[in-house]
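Comments concern the structure below.
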């Protein structure tokens, strides 16, 4: 039995075997987790429970509960001065992951190109491919703190480029952009008539400046598919809830696909999300302060260990270089796991050209981070001797 | 609240050097700031938070919340009587509150008798104390923001994108 060519051709995930290795091991300190270490705040969980008790167990409107869409719109207005028609321009999705899939399927014709910064989250390129498009990766590096610059984007704006995919704060690099930097990018977007798909799921975790939604920039709302969700800000990953806001025409297209493939997001999750928007701000503030301190600590500690690491502006990831060790990222990660029981994600998981990097998630308690740093130090010492003989 | 205070209030073992890393300041400045907080009484002391139920084998004790009605005195109000009460070492906490009674006094003792004796012989007989009502504490669920039950570790995957 043969599977479809486009699926067969998706890059196989060599990382799967490593993940299985980690999952099979006990007492591992994990810096490899892509979700908050906080539990969903109690009032949000309580709301989900009580909605079940009251019998809210049905489908909702395809687009999602109107109350939730309205609340999202109100929130965007208060927070960022953005205003959408919540009936026509907002769609509730099953996480940002579904939003991405819908966005690409709604806008891409066969062969349309999508520019994506590299490194980026693992799903972007495959989802573009599955939607019949062509992912064009724009390499960024440590020298710019993995930032896209207008100049570089413009160099890639050739015939057939329809959209720019941007994620900030970024998984895996933690990189984000100031309003000024985004404005410069917006000019290129305008000049080349691109659609922007902006994944801003880590927006609440921005530490050094205020987050600016791409859609809030002048002239960008009508060409931006703004994706966000509840997973990171409210520690609600397991609820699988996100939303997309954008031009009515595109949202209508996305809704068509959504209604045939997903029908609607879970009503329990939507109920919980409504509570999150109303009362979750206090919890966000506490989480953010905590992550901010951990970021400062881990970046300082890694640089002290001689693993060069830029200061990420957001999310809960750091992306240090391990070039000095002379090891490939997978070997580094496997060795660290086996010798010191510390798990992290090798850079190669995010692309072949990222073999000199590792992704460390600081969504782990401070005590864990401290212990992990001590173990990495030990591991580096072990390998300082091995390196010479190896190479 | 100053970052330093928030960090220490949550975990007093974090060293000045570590706080310096977390806040991107100099360790010497952190040390100086902590010294200042200690000197001016902002930081009163450092101690471990214990689940006293677990120490029972080592030294049993009971705790009671006592509502105390007192007659306010001219000029000083409740303060003098309060001072006479909170100076006893048996008293671990003492609050002036609004409502049906005046002072909420928390008392600890080796057993129910020591606490009862304290209430009978020291507290209720004190001048200015009109009435007391003692509630022995049966079980602690949460204290100072800390849930005392050890929660099962979460089922978060050890690795994910």
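What follows is calculated from the coordinates using simple rules that are stated; it is not laboratory data. Note that the coordinates shown come from a computational prediction; the quantities given were computed from them, not determined experimentally. Quick reminder, even Gly has a Cβ in these numbers, built from the backbone with ideal geometry, and neighbours come from all protein chains shown.
Report the Rg/Rh value for the range B:52-138, based on alpha-carbon coordinates and the Kirkwood definition of Rh.
Rounded to two decimals, Rg/Rh equals 1.00.
What are the semi-axes of the equivalent ellipsoid for the range A:64-194, taken as the square roots of 5 times the Cα gyration tensor eigenvalues, largest first, in whole Å? Show your work: numbers first, answer last.
Numbers: eigenvalues 132, 74, 44 Å².
Each semi-axis is √(5λ); the values are 26, 19, 15 Å.
So what is the relative contact order for chain A, in percent, with contacts set as C-alpha pairs under 8 Å and at least six apart? Display every interim value, and only then the final one.
On the way: 702 pairs, mean separation 90.0, N = 391.
Normalised by residue count, the contact order of chain A is 23 percent.
For the range A:322-389 and the range A:7-79, what is the separation of their C-alpha centers, rounded to whole Å?
Each part's Cα centre sits 28 Å from the other's.
Taking the beta-carbon count within 10 Å as an exposure proxy, list A:40, B:92 from fewest neighbours to most. The partial results should precede the final answer.
Details: A:40 22, B:92 12.
Final ranking by Cβ density, sparse to dense: B:92, A:40.
Please report Rg over Rh for chain B, where both radii come from the alpha carbon positions and Rh follows the Kirkwood definition.
1.09
Any chance you could give the angle, 0 to 90 degrees and rounded to 10, that helix A:329-340 forms with the longest Cα principal axis of chain A?
Orientation of helix A:329-340: about 70 degrees from the principal axis.
Does a label point 7 Å from the Cα of residue B:10, set along Cα-to-beta-carbon, have any residues of the range A:29-53 with amide nitrogen under 17 Å, and which are they?
Once the point is set 7 Å along Cα→Cβ of residue B:10, A:36-42 turn out to lie under 17 Å by backbone N, inside the range A:29-53.
Ignore the peptide's own chain and count Cβ atoms of other chains within 10 Å of each Cβ in A:359-368; give me the average, rounded. Kindly include the intermediate steps, with their values, before the conclusion.
Working: counts 1, 0, 3, 0, 1, 1, 1, 6, 3, 0.
Mean inter-chain Cβ contacts per residue within 10 Å come to 2.
Which FRET efficiency value, to the nearest 0.05, is calculated for residue A:88 and residue B:52 with the Förster distance at 60 angstrom and r the Cβ-Cβ distance? Please report the intermediate quantities before stating the final value.
On the way: r = 60 Å, r/R0 = 0.99.
Here the calculated transfer efficiency is 0.50.
Grab the DSSP H runs of chain B that are 4 residues or longer, score each as -39,500 (n - 2.57), total them, divide by all residues and round the 222 nm result to the nearest 500 deg cm²/dmol.
On the way: 5 runs with 43 residues, N = 161.
Counting only the DSSP helices, I get -7500 deg cm²/dmol.
At a Förster radius of 51 Å, what calculated FRET efficiency corresponds to the Cβ-Cβ distance of residue B:157 and residue B:114, to the nearest 0.05?
Numbers: r = 51 Å, r/R0 = 1.00.
It comes out at approximately 0.50.
Specify the inter-centroid distance of the range B:24-42 and the range B:123-157, based on alpha-carbon positions, in whole Å.
Value for the Cα centre distance between the two parts: 33 Å.
To test your reading of the geometry: what angle, between 0 and 90 degrees and rounded to tens, separates the Cα axis of helix B:27-39 from the longest principal axis of chain B?
10
Can you give me the Rg/Rh ratio for chain A, using Cα atoms for both radii and the Kirkwood formula for Rh?
Working: Rg = 21.1 Å, Rh = 21.8 Å.
Taking Rh as the inverse mean 1/r over Cα pairs, Rg/Rh reads 0.97.
Take A:192, A:258 and order them by how many other Cβ atoms sit within 10 Å, fewest up front.
Values: A:192 16, A:258 27.
Final ranking by Cβ density, sparse to dense: A:192, A:258.
Indicate the gyration tensor shape class of the range B:1-80 (rounded, prolate or oblate), computed on the Cα atoms with a ≥ b ≥ c the square roots of the eigenvalues: a/c under 1.5 is rounded; otherwise a/b larger than b/c is prolate and the rest oblate. Display every interim value, and only then the final one.
On the way: a/c = 3.84, a/b = 1.50, b/c = 2.56.
Here the range B:1-80 falls in the oblate category.
Given the rule -39500 (n - 2.57) for each run of at least 4 DSSP H residues, summed and divided by the residues of chain A, what is its mean residue ellipticity at 222 nm, to the nearest 500 deg cm²/dmol? Spell out each step's value before the answer.
Details: 13 runs with 168 residues, N = 391.
Calculated at 222 nm, the ellipticity per residue is -13500 deg cm²/dmol.
Going by Cα centres, the range A:213-246 and the range A:132-211 are how many Å apart?
15
Kirkwood hydrodynamic radius, computed over distinct alpha-carbon pairs, for the range A:55-278: how many Å, to one decimal?
Values: mean 1/r = 0.0572 Å⁻¹.
Answer for the range A:55-278: a Kirkwood hydrodynamic radius of 17.5 Å.
Once both labels are modelled 7 Å past Cα along the beta-carbon direction, what's the residue B:146-residue A:374 spacing in nm?
Placing both labels 7 Å beyond Cα along the Cβ direction yields 2.1 nm.
When the chain is fully extended, how far beyond the present Cα-Cα distance does residue A:179 get from residue A:338, taking 0.36 nm per residue of separation?
Result for the pair: 52.9 nm of gain on full extension.
What is the antiparallel percent of DSSP beta bridges lying wholly in chain A, to the nearest 5?
So the antiparallel bridges amount to about 40 percent of the total.
To make sure I understand, if each residue's beta carbon is the centre and we count other beta carbons within 10 Å, what order do B:139, A:147 fall in, fewest to most? Please list the in-between numbers first.
Details: B:139 6, A:147 20.
Listed from fewest to most nearby Cβ atoms, that is B:139, A:147.
If each of residue A:57 and residue A:260 carries a label point 7 Å out from its Cα toward its Cβ, how far apart are those two points in nm?
Here the answer is 3.1 nm between the modelled labels.
So what's the angle, to the nearest 10 degrees on a 0 to 90 scale, between helix A:179-191 and the longest Cα principal axis of chain A?
Helix A:179-191 sits at roughly 60 degrees to that axis.
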